[in-house]
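To keep things clear, I will list the structure first and then write my remarks on it.
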Amino acid sequence: MTTLAEALRNYIEQATDGATRQEMRDYIDREFPKRWKPGAIAAHFYACTVNNPKAYIHHKWADRFFFRSEDGRFHRYSPELHGVNTWAPSANGDTDDFEDVEEAKIEELVETSISLERDVETHLVRSLDSIEKGLRFIDRQVSIDVGRVDILAEDAAGRRVVIELKVGQAKDAAVGQIARYLGWYGRRDSKRPRGMLIASEFPDAVRYAAEAIPDLSLVEYKVQFAFNAVVVED
């Protein structure tokens, strides 16, 4: 029987331009319906990535065949293309803040993060007008030549709005990512597109980077929890 690692490795070997997490999830759901839980797939993305230093601690014996590029796409790792392995802690001396956390807990955190991002994105789609009056939803998870856009919208003036969502604190790479999307649409739209980067927190480095990109705004979100009593039927 094919293992999940074998299924993912076989897929990525055929993906000459690499693949996103969602593309690989779609493949697994299509070819192996209901065989593996989402958390197991998420854990394999984490464990099987050669340039993820933490994976060497929490998944010591994993087969590391993925290489994750800066744009978030996964590729079949090749020492000739990506360089020799310098990411293992034994090679570069890196330490890990989660060294004492059990492996199952790491997988749970990965799955929770993915679920939270999906939930926040769904809420955003339903509440765009609360971010900006007149903002209208167009599409979500849109694949273009330079990546996958989280949410596409249109503002009251008819301009395209490219929205990128990050769960937790935004990183420098997120600014470059949305700038790439804006540049791609800018060559195709008659009106210059706008961008929104949404995250729970923006460090100063990200704020400085965003100031250099015209028509890019930063939006912070806050997660609120609601508690409902569960009625148990007799």
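Which of the residues that make up the stretch 192-212 are surrounded by fewer than 17 Cβ atoms within 10 Å (Cβ to Cβ), within 26 Å of residue 156 (Cβ to Cβ) and touching a Gly at 6+ places or on another chain (Cβ under 7 Å)?
Answer for the stretch 192-212, where residues must be surrounded by fewer than 17 Cβ atoms within 10 Å (Cβ to Cβ), within 26 Å of residue 156 (Cβ to Cβ) and touching a Gly at 6+ places or on another chain (Cβ under 7 Å): just 192.
Checking the conditions here, which among 81, 135 is farther than 23 Å from residue 45 by Cβ, among the aliphatic types (A, V, I, L, M) and modelled with pLDDT of 90 or more?
135
What's the number of the only condition in (1) touching a strand residue (DSSP E or B) at 6+ places or on another chain (Cβ under 7 Å); (2) modelled with pLDDT of 80 or more that residue 157 fails to meet?
Only one criterion is unmet by residue 157, namely (1).
Determine whether residue 22 is outside the structural domain of residue 141 (by TED's automatic domain parsing) and touching a Lys or Arg at 6+ places or on another chain (Cβ under 8 Å).
Yes; evaluated as a whole, the condition is true for this residue.
Every residue, every condition in (1) surrounded by fewer than 18 Cβ atoms within 10 Å (Cβ to Cβ); (2) within 19 Å of the chain's Cα centre (by Cα), yes or no:
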{"position": "130", "(1), (2)": "yes, no"}
{"position": "140", "(1), (2)": "yes, yes"}
{"position": "159", "(1), (2)": "yes, no"}
{"position": "170", "(1), (2)": "no, yes"}
{"position": "177", "(1), (2)": "no, yes"}
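So, restricting to helices (runs of 4 or more DSSP H) that lie completely within the stretch 1-86, which ones have at least 2 residues that are buried (at least 16 other Cβ atoms within 10 Å of the Cβ) and of a type in the set (Phe, Trp, Tyr)?
Filter on the stretch 1-86 gives 38-47.
Would you please name the residue that is nearest to residue 181 (Cα to Cα), looking only at residues in the stretch 193-210 that are assigned to a strand (DSSP E or B) and either modelled with pLDDT under 95 or not basic (Lys, Arg) (or both)?
Within the stretch 193-210, the match that is nearest to residue 181 (Cα to Cα) is 195.
The values are calculated or read from the model by the stated rules, or taken from the named source; none is laboratory data. A quick note: this is a predicted structure, and the numbers were derived from the prediction, not measured. As a convention, Cβ positions derive from the backbone with ideal geometry for all residues, glycine included, and neighbour counts pool all protein chains shown.
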